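K.L.:
Sending over a structure as structure tokens; questions will come in a sec.
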Amino acid sequence: MKHIKTMNKANLKESAQKGGCGKCQASCQSACKTSCTVANQKCER
Amino acid sequence: MIHKYKLGGFNIVLDVNSGGVHVVDDLTYDMLDNVEPPFEEECPEKIVEKLSRFYEKDEIMSCYDEIVELYNDKILFSEDDYEKYAKYSIASPVKAMCLNIAHDCNLRCKYCFASTGDFGKGRKLMTLETGKNAIDFLLENSGDRQNLELDFFGGEPLMNFDVVKQIVEYARSREGEFGKKFRFTITTNGLLLDDDKIDFINKEMSNVVLSIDGRKEVNDYMRLRVDGTGCYDRILPKFKKLVAQRGDKEYYVRGTFTKYNLDFSEDVFSLYNEGFDQISVEPVVGDSSEEYALTEKEIPAVFAEYEKLARRIINNEKQGGKFNFFHFMLDLDQGPCAIKRLRGCGCGNDYVAITPDGDIYPCHQFVGIEEYKMGNIDEGTFNLEMKKEFANAHVYSKPECRKCWAKFYCSGGCNANNYQYMGDIHKAHKISCELEKKRLEVAIMMKAVRAFGEQE
């Protein structure tokens, strides 16, 4: 494409169909005990 | 829903519902103000006319085609069809626990949200019996979840370290029987660290959070010992030693910034220059009447500092340096699934906090707020109605989140902040949201720089 460059797989929809297993960490446990960021976590499936 | 912004010389477009991130030229950026589904076969004449004052007609036509192609691929203007998943985690098992092992602290940090360690409830240490009951509760309420998380928190957990060791031993002794694996973490101010504790932490804890604010003068202004002196010189060598012996295991040095150090990129780099490469420096949580609090007035300065920090990190990478800044970490491809993203930390649902008295709260930030007491570990009570209330607090039940572009990145923010500032776990706290959105925009821009090089 000339005008648009897509940076990622944009796979959120796909992730919903296979997701919800609950294996990943609770998000506030790693470093961030006072402010919530989920998107920096890894899927652990 | 799309969100577009300009930063660092890039035009960035997020397709909120697919997670798509696109870097676009000026023409596309402008055209996206004028088009939305349903699309026509060719670019409508009135749009061509409007844009042809600035762009060539052929370019306009081909740009429109690209937008339509991405729409057909469902990575631009894609539909939000996740609300049906919001009900999935209502009966979620409890898999993570914060053990407030000591409601006591040997520091008197000026910004402490825990009233210098005792959460306003008197100084107490957790007994081994309560700790064992907490482990049993987690084993029995975690359903099919194999990985269980247990965070030793306080106050200062090293003030009750013998009990920490015995709880770890007890939990390990029961893992096999239940088919579970405990992941322990600990958060410490470092004052009581010695070689034995460092060895134990590095052996047993999958993550350790080391509290230090950055520059000595910044740290020592807020993080005071009981005698009023700063703690920096005492903790820094201990933290260095712990990290040096830790190998590949996770850790964070974690600082707090306040109104007094709005130049906090200096603190991040101070920690980096001391040899740490896993760094988190986060905005203070506190009542807006406090001197140190961040208010709406400080937002522009904090935004500018996040941009400055990003530039400094990129420049550092160009010179071969590397470290992780927790709040800029973002995985655009392999991050958590959409279902996980509907709720944040899971507090009050799959995550709870336990006090030395055995009281159960939705998380450490709710501790001491009587109306949010969920039960007691020693008495065997647990309020499932309240658990359900928290399970139902997701991005679709929070009015501001529902319409926000950042909802699948922050997942509805911090329920405790919402309650403390707004009086309702469903009401977004504006300043937290503004800072979160800025961090996301900056973090995505940094990805663009790494992919395409600098634009300015």
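Here, each number is a calculation from the coordinates, and none is a lab measurement. What you see is a predicted model; the values in this text were computed from it and never measured. Here Cβ is always computed from backbone atoms with ideal geometry, including for glycine, and neighbour counts include all displayed protein chains.
K.L.:
Please report, in cubic angstrom per residue, the volume enclosed by the convex hull of the alpha-carbon atoms of the range B:144-187.
P.N.:
On the way: hull volume 2.4 nm³, N = 44.
So the per-residue Cα hull volume is 55 Å³.
K.L.:
Here's another thing I want to ask about it. Got a sec to turn the phi values of the range B:221-227 into Karplus ³J(HN,Hα) couplings, 6.51 cos²θ - 1.76 cosθ + 1.60 with θ = phi - 60°, whole Hz, x for Gly and Pro?
P.N.:
Using θ = phi - 60°, the values come out as 6, 9, 9, 10, 6, 4, 7 Hz.
K.L.:
If you don't mind, another one. In peptide B:406-413, how many Cβ atoms from other protein chains are near each Cβ within 10 Å, on average? Spell out each step's value before the answer.
P.N.:
On the way: counts 1, 0, 3, 4, 6, 6, 2, 4.
Whole-number average of other-chain Cβ neighbours for B:406-413 is 3.
K.L.:
Give me the net charge for the shell around B:H103: Cβ to Cβ below 14 angstrom, other residues only, Lys and Arg +1, Asp and Glu -1.
P.N.:
Working: positive: B:K121, B:R123, B:K124; negative: B:D104, B:D118, B:E156, B:D357, B:D359.
So the environment of B:H103 carries a net charge of -2.
K.L.:
Can you tell me the 0 to 90 degree angle between the C-alpha axis of helix B:232-244 and the longest principal axis of chain B, rounded to 10?
P.N.:
Between helix and principal axis, roughly 80 degrees.
K.L.:
Working from the pairwise distances between different alpha carbons, so that the mean of 1/r is found and then inverted, what is the protein assembly as shown's Kirkwood radius in Å?
P.N.:
23.9
K.L.:
Please give me the summed charge of the neighbours of B:N418: other residues whose Cβ is under 11 Å from its Cβ, Lys and Arg +1, Asp and Glu -1. Mind dumping the intermediate values first?
P.N.:
On the way: positive: B:K398, B:K427, B:K430; negative: B:E400, B:D424.
Charge balance near B:N418 sits at +1.
K.L.:
Separate question: If you add up the charges near B:L76, with Lys and Arg at +1 and Asp and Glu at -1, over every other residue whose beta carbon is less than 12 angstrom from its beta carbon, what do you get?
P.N.:
Around B:L76, the charge tally is -4.
K.L.:
Which FRET efficiency, nearest 0.05, do B:R225 and B:S115 yield, Cβ-Cβ r, R0 25 Å?
P.N.:
Working: r = 17 Å, r/R0 = 0.68.
Here the calculated transfer efficiency is 0.90.
K.L.:
With +1 on each Lys and Arg Cβ and -1 on each Asp and Glu Cβ, and nothing else charged, work out how big the dipole of chain B is about its Cα centre, in Debye to the nearest 20.
P.N.:
Result for chain B is approximately 1340 debye, rounded to the nearest 20.
K.L.:
May I have the convex hull volume per residue, in Å³, for the Cα set of the range B:46-186?
P.N.:
Numbers: hull volume 33.8 nm³, N = 141.
Roughly 239 Å³ of hull volume per residue.
K.L.:
Follow-up. Rounding to the nearest 20 debye, state how big the charge dipole of the range B:211-356 is about its Cα centre with +1 on each Lys and Arg Cβ and -1 on each Asp and Glu Cβ.
P.N.:
Working: 21 positive and 24 negative charges, 105 e Å.
Magnitude of the dipole: close to 500 debye.
K.L.:
Counting only DSSP beta bridges with both residues in the protein assembly as shown, what percent are antiparallel, rounded to the nearest 5? List each step's numbers first, then the result.
P.N.:
Numbers: 24 of 58 bridges.
Just about 40 percent of them are antiparallel.
K.L.:
Could you work out, for the range B:213-278, what percent of all Cα-Cα pairs fall into each 10 Å distance bin, beginning at 0 Å and stopping at the bin that holds the largest distance?
P.N.:
Values per bin, smallest distances first: 20, 50, 26, 3.
K.L.:
Hey, fewest Cβ within 10 Å first, where do B:I369, B:I101 land in order?
P.N.:
So the residues, fewest neighbours to most, are B:I369, B:I101.
K.L.:
For the range B:39-190, what does the relative contact order come out to in percent, with C-alpha contacts under 8 Å and a separation of six or more?
P.N.:
Computed over the range B:39-190, the figure is 23 percent.
K.L.:
Would you compute, from DSSP H runs of 4+ residues alone, the mean residue ellipticity of chain B at 222 nm, taking -39500 (n - 2.57) per run and dividing by the full residue count, rounded to the nearest 500? Please list the in-between numbers first.
P.N.:
Working: 14 runs with 159 residues, N = 456.
So the helix-based figure for chain B works out to -10500 deg cm²/dmol.
K.L.:
Give the relative contact order (percent, whole number) for the range B:175-265; include only Cα pairs under 8 Å separated by 6+ residues. Don't jump to the answer; show the numbers that get you there.
P.N.:
Working: 98 pairs, mean separation 28.5, N = 91.
Across the range B:175-265, relative contact order equals 31 percent.
K.L.:
Once the dipole of the range B:123-219 is set up with Lys and Arg at +1 and Asp and Glu at -1 on Cβ about the Cα centre, which of B:V209, B:G179, B:N133 lies farthest towards its positive end?
P.N.:
The Cα lying farthest towards the positive end belongs to B:V209.
K.L.:
May I pose another question? To two decimal places, what compactness ratio does the range B:346-456 give when its Cα radius of gyration is scaled by 2.2 N^0.38 Å?
P.N.:
1.33
K.L.:
Quick one: the Cα spread of the range B:30-114 along its three principal axes, in angstroms, biggest first?
P.N.:
70, 38, 15
K.L.:
While we're on this one: Expressed as an acute angle from 0 to 90° and rounded to the nearest 10, what is the orientation of the C-alpha long axis of helix B:195-204 relative to the principal long axis of chain B?
P.N.:
The two axes meet at around 50 degrees.
K.L.:
Of B:H22, B:C109, B:H3, which is farthest towards the positive pole of the range B:1-110's charge dipole, taken about the Cα centre with +1 and -1 on the beta-carbons of Lys, Arg and Asp, Glu respectively?
P.N.:
B:C109
K.L.:
With no solvent and one equal point scatterer placed on each C-alpha of chain B, evaluate the Debye formula and give log10 I(q)/I(0) for q = 0.07 Å⁻¹, two decimals.
P.N.:
The Cα Debye sum returns log10 ratios of -0.41.
K.L.:
Checking the cross-link filter: which lysines have an alpha carbon closer than 18 Å to that of A:K5, excluding same-chain neighbours under 8 positions apart?
P.N.:
Within the straight-line cut-off, A:K5 pairs with B:K4, B:K6, B:K74, B:K447.
K.L.:
Here is a follow-up. Mind jotting down the distance between the C-alpha centroids of the range B:59-134 and the range A:1-23, whole Å?
P.N.:
Centre-to-centre distance over Cα atoms comes out at 21 Å.
K.L.:
If each residue's Cβ is checked for other Cβ atoms within 10 Å, how do B:K197, B:K340, B:K249, B:K403 rank with the fewest at the top? Please report the intermediate quantities before stating the final value.
P.N.:
Values: B:K197 19, B:K340 28, B:K249 14, B:K403 10.
If I rank by nearby Cβ atoms, fewest first, I get B:K403, B:K249, B:K197, B:K340.
K.L.:
Hey, can you rank B:377-385, B:63-71 by average C-beta count inside 10 Å, highest first? Don't jump to the answer; show the numbers that get you there.
P.N.:
Working: B:377-385: 13.9, B:63-71: 20.7.
Descending mean neighbour count gives B:63-71, B:377-385.
K.L.:
Oh, and also: Give a quick list of trypsin sites (Lys or Arg not before Pro) in the range B:1-61 that DSSP marks as loop, anything other than H, G, I, E or B, with at most 11 other Cβ atoms within 10 Å.
P.N.:
Here the sparse-neighbourhood loop sites are B:R53.
K.L.:
By what distance, in whole Å, do the Cα atoms of the range B:66-144 stretch along each of the three principal axes, largest value first?
P.N.:
Principal-axis extents of the Cα atoms in the range B:66-144, largest first: 63, 38, 16 Å.
K.L.:
Where a Cα-Cα gap under 14 Å defines reach, which aspartates and glutamates qualify for B:K322, not counting those fewer than 8 residues away within the same chain?
P.N.:
Counting by Cα, and skipping residues close in sequence, B:K322 has these aspartates and glutamates nearby: B:E274, B:D277.
K.L.:
With Rg and the Kirkwood Rh both taken from Cα atoms, where does Rg over Rh land for the range B:119-235?
P.N.:
1.03
K.L.:
Distance between the C-alpha centers of the range B:143-161 and the range B:328-365? Whole Å please.
P.N.:
14
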